[in-house]
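Contents: one structure, followed by commentary.
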Amino acid sequence: MQTIIRKVDENCIDEMIMKEAGALLKQGALVAFPTETVYGLGANALDSEAAAKIYAAKGRPSDNPLIVHIADMDALPLITAEIPEAAKKLAAKFWPGPLTMVMKKSEVVPYGTTGGLDTVAVRMPAHPIALEMIRHGGGYIAAPSANTSGRPSPTLASHVADDMDGIVPLILDGGAVGIGIESTIVDLTDEIPTILRPGFITKEMLQEVVGEVQIDKGLDADSKTPPKAPGMKYRHYAPKAELMIVEGSSEAVVEKINALVKENEEKGICTGIIGTEETVSRYPAGIVKCMGTRNDELSISSHLYGILREFDESDAKVIYSESFEEGAMGSAIMNRLLKAAGHKIIHV
Ligand code: AMP
Ligand code: MG
(Lines give C-alpha, C1' and ligand atoms only; values in the text may rest on other atoms or scores of the structure.)
(Ligands and ions follow the chains in the order given, each with its own letter.)
Protein backbone atom coordinates (compact mmCIF):
# COMPACT_ATOMS: atom_id res chain seq x y z
CA MET A 1 0.00 0.00 0.00
CA GLN A 2 1.19 3.50 -0.78
CA THR A 3 0.96 5.94 2.10
CA ILE A 4 0.08 9.55 1.27
CA ILE A 5 1.11 12.24 3.73
CA ARG A 6 -0.91 15.45 3.44
CA LYS A 7 0.07 18.62 5.26
CA VAL A 8 -2.94 20.34 6.80
CA ASP A 9 -2.91 23.83 8.30
CA GLU A 10 -5.09 23.78 11.40
CA ASN A 11 -5.88 27.48 10.93
CA CYS A 12 -7.05 27.01 7.36
CA ILE A 13 -8.21 23.43 6.90
CA ASP A 14 -8.32 22.20 3.30
CA GLU A 15 -11.84 20.89 2.76
CA MET A 16 -10.75 18.59 -0.10
CA ILE A 17 -8.32 16.77 2.18
CA MET A 18 -11.00 16.36 4.85
CA LYS A 19 -13.33 14.89 2.23
CA GLU A 20 -10.62 12.48 1.14
CA ALA A 21 -10.01 11.41 4.75
CA GLY A 22 -13.74 11.12 5.42
CA ALA A 23 -14.30 8.97 2.34
CA LEU A 24 -11.47 6.60 3.37
CA LEU A 25 -12.89 6.29 6.89
CA LYS A 26 -16.39 5.60 5.58
CA GLN A 27 -14.97 2.86 3.35
CA GLY A 28 -13.47 1.22 6.44
CA ALA A 29 -9.87 2.35 5.82
CA LEU A 30 -7.43 3.85 8.35
CA VAL A 31 -6.39 7.51 8.56
CA ALA A 32 -3.74 8.84 10.95
CA PHE A 33 -4.42 12.32 12.31
CA PRO A 34 -3.13 14.85 14.85
CA THR A 35 -4.83 15.53 18.18
CA GLU A 36 -3.70 17.77 21.03
CA THR A 37 -2.32 14.74 22.91
CA VAL A 38 -0.59 12.43 20.37
CA TYR A 39 -1.25 11.34 16.76
CA GLY A 40 -4.15 8.90 16.46
CA LEU A 41 -4.80 6.04 14.07
CA GLY A 42 -8.46 6.38 13.13
CA ALA A 43 -11.09 3.96 11.84
CA ASN A 44 -14.88 3.89 11.85
CA ALA A 45 -15.67 2.89 15.45
CA LEU A 46 -19.05 1.40 14.54
CA ASP A 47 -17.56 -1.02 12.01
CA SER A 48 -15.76 -3.93 13.65
CA GLU A 49 -13.91 -4.84 10.45
CA ALA A 50 -12.50 -1.31 10.27
CA ALA A 51 -11.54 -1.48 13.95
CA ALA A 52 -9.83 -4.82 13.32
CA LYS A 53 -7.53 -3.07 10.84
CA ILE A 54 -6.25 -0.86 13.67
CA TYR A 55 -5.24 -3.91 15.70
CA ALA A 56 -3.51 -5.42 12.67
CA ALA A 57 -1.68 -2.19 11.72
CA LYS A 58 -0.36 -1.65 15.26
CA GLY A 59 0.18 -5.26 16.26
CA ARG A 60 -2.06 -4.39 19.20
CA PRO A 61 -3.33 -7.12 21.57
CA SER A 62 -7.03 -7.68 20.84
CA ASP A 63 -8.07 -7.24 24.49
CA ASN A 64 -6.84 -3.63 24.50
CA PRO A 65 -9.92 -1.51 23.75
CA LEU A 66 -10.01 1.56 21.53
CA ILE A 67 -11.10 5.08 22.49
CA VAL A 68 -14.01 6.38 20.40
CA HIS A 69 -13.50 9.99 19.30
CA ILE A 70 -16.48 12.26 18.70
CA ALA A 71 -16.70 15.87 17.52
CA ASP A 72 -20.05 16.99 18.97
CA MET A 73 -21.94 16.41 22.21
CA ASP A 74 -24.99 15.28 20.18
CA ALA A 75 -22.98 12.22 19.14
CA LEU A 76 -22.68 10.85 22.69
CA PRO A 77 -26.17 9.34 23.32
CA LEU A 78 -25.97 6.93 20.35
CA ILE A 79 -22.91 5.08 21.68
CA THR A 80 -23.64 5.10 25.43
CA ALA A 81 -26.33 3.14 27.29
CA GLU A 82 -26.62 5.97 29.79
CA ILE A 83 -24.77 9.22 30.39
CA PRO A 84 -23.93 9.66 34.08
CA GLU A 85 -24.38 13.15 35.59
CA ALA A 86 -20.63 13.27 36.23
CA ALA A 87 -19.98 12.74 32.52
CA LYS A 88 -22.21 15.66 31.60
CA LYS A 89 -20.42 17.93 34.07
CA LEU A 90 -16.95 16.79 33.04
CA ALA A 91 -17.78 17.14 29.34
CA ALA A 92 -19.09 20.67 29.90
CA LYS A 93 -15.83 21.58 31.62
CA PHE A 94 -13.14 19.63 29.73
CA TRP A 95 -14.45 18.80 26.23
CA PRO A 96 -13.10 19.24 23.70
CA GLY A 97 -9.94 18.29 25.55
CA PRO A 98 -7.55 15.59 26.79
CA LEU A 99 -10.11 13.69 28.90
CA THR A 100 -11.45 10.23 28.03
CA MET A 101 -14.53 8.99 29.88
CA VAL A 102 -15.51 5.33 30.26
CA MET A 103 -19.27 4.68 30.27
CA LYS A 104 -21.63 1.76 29.60
CA LYS A 105 -21.78 1.17 25.86
CA SER A 106 -24.88 0.95 23.70
CA GLU A 107 -25.53 -1.89 21.25
CA VAL A 108 -24.26 0.04 18.24
CA VAL A 109 -20.67 -0.10 19.48
CA PRO A 110 -19.18 -3.43 18.39
CA TYR A 111 -17.13 -5.54 20.80
CA GLY A 112 -14.41 -5.35 18.19
CA THR A 113 -13.96 -1.71 19.23
CA THR A 114 -14.23 -2.23 22.99
CA GLY A 115 -12.00 -5.29 23.23
CA GLY A 116 -15.02 -7.35 24.33
CA LEU A 117 -16.01 -4.96 27.15
CA ASP A 118 -19.53 -3.68 27.84
CA THR A 119 -18.12 -0.21 28.37
CA VAL A 120 -16.89 2.35 25.87
CA ALA A 121 -14.19 4.99 26.30
CA VAL A 122 -15.11 8.30 24.65
CA ARG A 123 -13.19 11.50 24.00
CA MET A 124 -13.71 14.75 22.12
CA PRO A 125 -10.25 15.94 21.08
CA ALA A 126 -9.36 19.66 21.15
CA HIS A 127 -7.78 19.81 17.73
CA PRO A 128 -9.48 21.45 14.73
CA ILE A 129 -8.12 18.92 12.22
CA ALA A 130 -9.25 15.97 14.36
CA LEU A 131 -12.73 17.43 14.83
CA GLU A 132 -13.18 18.14 11.11
CA MET A 133 -11.93 14.71 10.15
CA ILE A 134 -14.25 12.98 12.64
CA ARG A 135 -17.26 14.87 11.26
CA HIS A 136 -16.34 13.96 7.68
CA GLY A 137 -15.70 10.36 8.67
CA GLY A 138 -19.17 9.71 10.07
CA GLY A 139 -18.83 11.06 13.60
CA TYR A 140 -17.42 8.04 15.46
CA ILE A 141 -13.71 7.39 15.05
CA ALA A 142 -11.94 4.71 17.07
CA ALA A 143 -8.36 5.80 17.50
CA PRO A 144 -5.46 4.58 19.58
CA SER A 145 -2.07 6.23 19.28
CA ALA A 146 -0.69 5.83 15.75
CA ASN A 147 2.46 3.90 16.71
CA THR A 148 3.39 0.26 16.40
CA SER A 149 2.44 -1.36 19.73
CA GLY A 150 5.33 -1.13 22.16
CA ARG A 151 6.90 1.96 20.53
CA PRO A 152 6.56 5.50 21.90
CA SER A 153 3.37 7.30 20.88
CA PRO A 154 3.88 9.63 17.87
CA THR A 155 4.04 13.36 18.50
CA LEU A 156 5.02 14.27 14.90
CA ALA A 157 3.65 13.03 11.57
CA SER A 158 7.16 11.74 10.77
CA HIS A 159 6.92 9.41 13.80
CA VAL A 160 3.67 8.03 12.36
CA ALA A 161 5.34 7.56 8.98
CA ASP A 162 8.26 5.72 10.63
CA ASP A 163 5.81 3.14 12.02
CA MET A 164 2.95 3.15 9.50
CA ASP A 165 4.51 3.75 6.06
CA GLY A 166 3.02 1.25 3.62
CA ILE A 167 0.45 0.19 6.21
CA VAL A 168 -2.09 3.06 6.16
CA PRO A 169 -3.33 4.96 3.08
CA LEU A 170 -3.33 8.47 4.57
CA ILE A 171 -1.51 10.45 7.25
CA LEU A 172 -2.71 13.98 8.01
CA ASP A 173 0.31 16.06 9.01
CA GLY A 174 -0.78 18.85 11.33
CA GLY A 175 2.67 19.51 12.77
CA ALA A 176 3.85 18.91 16.33
CA VAL A 177 1.24 18.09 18.97
CA GLY A 178 0.84 20.33 22.01
CA ILE A 179 0.63 18.00 25.01
CA GLY A 180 2.55 14.95 23.86
CA ILE A 181 1.20 12.36 26.29
CA GLU A 182 -2.10 10.51 26.04
CA SER A 183 -5.41 11.68 27.52
CA THR A 184 -6.44 11.22 31.13
CA ILE A 185 -8.89 8.29 31.32
CA VAL A 186 -11.61 8.37 33.98
CA ASP A 187 -14.02 5.49 34.57
CA LEU A 188 -17.55 6.68 35.39
CA THR A 189 -19.21 3.27 35.65
CA ASP A 190 -18.75 3.07 39.45
CA GLU A 191 -20.02 5.29 42.25
CA ILE A 192 -16.71 7.14 42.58
CA PRO A 193 -14.99 8.28 39.36
CA THR A 194 -11.69 6.43 38.97
CA ILE A 195 -8.63 7.59 37.05
CA LEU A 196 -7.41 4.69 34.92
CA ARG A 197 -4.60 6.62 33.24
CA PRO A 198 -3.10 9.94 34.40
CA GLY A 199 -2.78 12.76 31.89
CA PHE A 200 -2.99 16.51 31.41
CA ILE A 201 -6.32 16.67 33.29
CA THR A 202 -5.31 15.95 36.88
CA LYS A 203 -7.17 14.39 39.80
CA GLU A 204 -7.47 17.84 41.38
CA MET A 205 -9.02 19.31 38.22
CA LEU A 206 -11.58 16.47 38.10
CA GLN A 207 -12.36 16.81 41.82
CA GLU A 208 -13.24 20.47 41.40
CA VAL A 209 -16.05 19.39 39.10
CA VAL A 210 -17.33 16.10 40.54
CA GLY A 211 -16.06 15.84 44.11
CA GLU A 212 -14.28 12.66 45.21
CA VAL A 213 -12.10 10.97 42.57
CA GLN A 214 -9.89 7.94 43.12
CA ILE A 215 -6.89 6.58 41.24
CA ASP A 216 -6.97 2.96 40.05
CA LYS A 217 -4.85 0.99 42.54
CA GLY A 218 -3.83 -1.31 39.71
CA LEU A 219 -1.57 1.47 38.40
CA ASP A 220 0.91 1.06 41.29
CA ALA A 221 4.00 -0.85 40.22
CA ASP A 222 3.65 -3.27 43.18
CA SER A 223 -0.12 -3.76 42.86
CA LYS A 224 -1.43 -7.34 42.94
CA THR A 225 -4.58 -6.46 41.00
CA PRO A 226 -4.19 -5.64 37.30
CA PRO A 227 -4.95 -2.10 36.04
CA LYS A 228 -8.61 -1.53 35.07
CA ALA A 229 -7.63 -0.12 31.67
CA PRO A 230 -6.45 -3.24 29.85
CA GLY A 231 -3.82 -1.25 27.95
CA MET A 232 -2.07 -0.09 31.11
CA LYS A 233 -0.77 -3.57 31.88
CA TYR A 234 1.41 -3.65 28.80
CA ARG A 235 4.93 -2.29 28.90
CA HIS A 236 4.41 0.54 26.43
CA TYR A 237 7.00 2.84 25.02
CA ALA A 238 9.96 0.58 25.59
CA PRO A 239 13.11 2.16 24.14
CA LYS A 240 15.78 -0.13 22.66
CA ALA A 241 18.33 0.97 25.26
CA GLU A 242 17.98 0.18 28.95
CA LEU A 243 16.37 3.25 30.53
CA MET A 244 16.83 4.11 34.20
CA ILE A 245 15.41 7.04 36.13
CA VAL A 246 17.64 8.79 38.64
CA GLU A 247 15.67 10.31 41.50
CA GLY A 248 16.79 12.73 44.22
CA SER A 249 17.79 16.36 44.66
CA SER A 250 18.84 18.08 41.45
CA GLU A 251 22.49 18.36 42.57
CA ALA A 252 22.73 14.70 43.59
CA VAL A 253 21.06 13.53 40.37
CA VAL A 254 23.50 15.44 38.12
CA GLU A 255 26.45 14.11 40.09
CA LYS A 256 25.19 10.51 40.03
CA ILE A 257 24.42 10.56 36.31
CA ASN A 258 27.88 11.95 35.52
CA ALA A 259 29.50 9.23 37.66
CA LEU A 260 27.44 6.50 35.95
CA VAL A 261 28.26 7.85 32.48
CA LYS A 262 31.96 7.88 33.33
CA GLU A 263 31.82 4.26 34.54
CA ASN A 264 29.99 3.19 31.38
CA GLU A 265 32.34 5.04 29.05
CA GLU A 266 35.33 3.33 30.67
CA LYS A 267 33.70 0.04 29.76
CA GLY A 268 32.96 1.30 26.23
CA ILE A 269 29.19 1.44 26.78
CA CYS A 270 27.54 4.26 24.82
CA THR A 271 25.33 6.15 27.26
CA GLY A 272 22.44 8.60 26.86
CA ILE A 273 21.22 11.27 29.25
CA ILE A 274 17.78 12.90 29.45
CA GLY A 275 18.16 16.27 31.17
CA THR A 276 16.45 19.64 31.22
CA GLU A 277 17.38 23.16 30.14
CA GLU A 278 18.37 23.74 33.75
CA THR A 279 20.94 20.93 33.76
CA VAL A 280 22.09 19.92 30.26
CA SER A 281 25.18 22.13 30.31
CA ARG A 282 26.38 20.19 33.35
CA TYR A 283 26.67 16.84 31.56
CA PRO A 284 30.09 16.87 29.84
CA ALA A 285 29.94 13.33 28.43
CA GLY A 286 27.40 10.94 26.89
CA ILE A 287 24.64 11.64 24.37
CA VAL A 288 22.74 14.46 26.09
CA LYS A 289 19.14 15.32 25.15
CA CYS A 290 17.12 18.16 26.60
CA MET A 291 13.53 17.34 27.49
CA GLY A 292 12.43 20.95 28.08
CA THR A 293 12.40 23.41 30.94
CA ARG A 294 11.10 22.66 34.42
CA ASN A 295 9.35 26.05 34.27
CA ASP A 296 7.00 24.75 31.56
CA GLU A 297 5.58 21.26 31.99
CA LEU A 298 4.23 21.14 28.44
CA SER A 299 7.76 21.58 27.11
CA ILE A 300 8.64 18.38 28.98
CA SER A 301 5.56 16.30 28.13
CA SER A 302 5.62 17.28 24.45
CA HIS A 303 9.23 16.13 23.98
CA LEU A 304 9.19 12.90 26.00
CA TYR A 305 8.23 10.42 23.29
CA GLY A 306 10.21 12.16 20.56
CA ILE A 307 13.36 11.91 22.64
CA LEU A 308 12.78 8.21 23.31
CA ARG A 309 12.45 7.72 19.54
CA GLU A 310 15.65 9.72 18.91
CA PHE A 311 17.51 7.46 21.30
CA ASP A 312 16.28 4.44 19.36
CA GLU A 313 18.15 5.87 16.35
CA SER A 314 21.34 6.38 18.40
CA ASP A 315 23.98 3.94 19.61
CA ALA A 316 23.08 4.42 23.27
CA LYS A 317 22.84 1.12 25.13
CA VAL A 318 21.92 2.69 28.47
CA ILE A 319 19.99 5.91 29.16
CA TYR A 320 19.74 7.80 32.44
CA SER A 321 16.86 10.21 32.85
CA GLU A 322 16.22 12.84 35.46
CA SER A 323 12.83 12.42 37.19
CA PHE A 324 9.82 14.72 36.95
CA GLU A 325 7.50 14.33 39.91
CA GLU A 326 6.66 17.97 40.48
CA GLY A 327 3.99 20.05 38.80
CA ALA A 328 0.41 19.31 37.84
CA MET A 329 1.29 16.81 35.14
CA GLY A 330 4.19 15.29 37.07
CA SER A 331 2.39 12.03 37.80
CA ALA A 332 1.37 11.62 34.15
CA ILE A 333 4.89 12.30 32.89
CA MET A 334 6.39 9.93 35.48
CA ASN A 335 3.78 7.26 34.71
CA ARG A 336 4.96 7.17 31.06
CA LEU A 337 8.64 7.44 31.91
CA LEU A 338 8.44 4.69 34.55
CA LYS A 339 6.69 2.40 32.08
CA ALA A 340 9.35 3.07 29.47
CA ALA A 341 11.99 2.30 32.10
CA GLY A 342 10.25 -0.88 33.25
CA HIS A 343 10.15 0.85 36.68
CA LYS A 344 13.94 0.90 37.08
CA ILE A 345 14.78 3.73 39.48
CA ILE A 346 18.09 4.73 41.02
CA HIS A 347 17.57 6.67 44.26
CA VAL A 348 20.30 9.08 45.30
P1 AMP B 1 -4.43 4.38 23.37
O2 AMP B 1 -5.60 4.72 22.52
O3 AMP B 1 -3.35 3.65 22.67
O4 AMP B 1 -3.98 5.59 24.08
O5 AMP B 1 -4.98 3.39 24.47
C6 AMP B 1 -6.30 3.46 24.94
C7 AMP B 1 -6.33 3.18 26.40
O8 AMP B 1 -7.69 3.28 26.83
C9 AMP B 1 -5.85 1.78 26.77
O10 AMP B 1 -5.09 1.84 27.95
C11 AMP B 1 -7.17 1.05 26.99
O12 AMP B 1 -7.02 -0.03 27.85
C13 AMP B 1 -8.05 2.15 27.58
N14 AMP B 1 -9.49 1.88 27.37
C15 AMP B 1 -10.16 1.98 26.20
N16 AMP B 1 -11.45 1.61 26.37
C17 AMP B 1 -11.59 1.26 27.66
C18 AMP B 1 -12.68 0.78 28.44
N19 AMP B 1 -13.88 0.57 27.92
N20 AMP B 1 -12.45 0.51 29.75
C21 AMP B 1 -11.23 0.72 30.29
N22 AMP B 1 -10.16 1.17 29.59
C23 AMP B 1 -10.33 1.44 28.30
MG1 MG C 1 -1.16 3.90 22.75
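The values are calculated or read from the model by the stated rules, or taken from the named source; none is laboratory data. Worth saying up front: this structure is predicted, and the values here are computed from it rather than measured. Neighbour counts run over all protein chains shown; Cβ positions are idealised from the backbone, glycine included.
General observations
- Residue that is touching a Gly at 6+ places or on another chain (Cβ under 7 Å) and modelled with pLDDT of 95 or more, where the choices are D63, D47, D74: D47
- Applying the criterion of being closer than 14 Å to A130 by Cβ and within 15 Å of ligand 2 (Cβ to nearest atom) to the residues of the stretch 156-179, the residue that is surrounded by the most Cβ atoms within 10 Å (Cβ to Cβ) is V160.
- Of all residues in the stretch 145-159, those that are within 15 Å of L337 (Cα to Cα) have Cβ atoms under 6 Å from Cβ atoms of residues that are more than 12 Å from ligand 2 (Cβ to nearest atom) and assigned to a loop (DSSP other than H, G, I, E, B), 6 or more apart or on another chain, in G150/A238.
- In the stretch 271-320, the residues that are among the hydrophobic types (A, V, I, L, M, F, W, C) and touching a strand residue (DSSP E or B) at 6+ places or on another chain (Cβ under 7 Å): I273, I274, V280, I287, V288, C290, M291, I307, F311, A316, V318, I319
- Long-range neighbours under 7 Å by Cβ, at least six apart or interchain, first residue at positive phi within the stretch 46-68, second among the polar types (S, T, N, Q): G59/T148; G59/S149
- Residues within the stretch 127-163 that are of a type in the set (G, A, S) and within 16 Å of ligand 1 (Cβ to nearest atom), tallied: 8
- Qualifying residues in the stretch 129-148 (those that are touching a helix residue (DSSP H, G or I) at 6+ places or on another chain (Cβ under 7 Å) and over 21 Å from Q2 (Cα atoms)) - the one nearest to ligand 2 (Cβ to nearest atom): P144
- M124 falls short of the stated requirement of being touching a helix residue (DSSP H, G or I) at 6+ places or on another chain (Cβ under 7 Å), modelled with pLDDT of 95 or more and away from ligand 2 (no atom under 16 Å from the Cβ).
- Filter pass, A221 being loosely packed, with under 13 Cβ neighbours inside 10 Å, away from ligand 2 (no atom under 16 Å from the Cβ) and on the phi < 0 side of the Ramachandran plot: yes
- A87 fulfils the conditions (1) more than 16 Å from ligand 2 (Cβ to nearest atom); (2) closer than 24 Å to K7 by Cα; (3) surrounded by 17 or more Cβ atoms within 10 Å (Cβ to Cβ) except for a single criterion, (2).
- Among (1) surrounded by fewer than 21 Cβ atoms within 10 Å (Cβ to Cβ); (2) free of Cβ contacts under 8 Å to residues at least 60 places away in the same chain; (3) over 26 Å from D173 (Cβ atoms) - the single one G28 does not satisfy: (3)
- For the stretch 180-220, the set of residues classified as within 19 Å of the chain's Cα centre (by Cα) and small (G, A, S) consists of G180, S183, G199, G218, listed by residue number.
- On inspection, I185 does not qualify as modelled with pLDDT of 95 or more and more than 12 Å from ligand 2 (Cβ to nearest atom).
- Residue satisfying all of: in the stretch 180-192; surrounded by 24 or more Cβ atoms within 10 Å (Cβ to Cβ) and farther than 20 Å from S106 by Cα; farthest from ligand 1 (Cβ to nearest atom) among these: G180
- Scanning the stretch 232-242 turns up no residue that is farther than 30 Å from K26 by Cα, at pLDDT 95 or above and within 16 Å of ligand 2 (Cβ to nearest atom).
- Residue within the stretch 285-294 that is in a strand (DSSP E or B) and in contact (Cβ under 8 Å) with a residue 40 or more places away in the chain present: no
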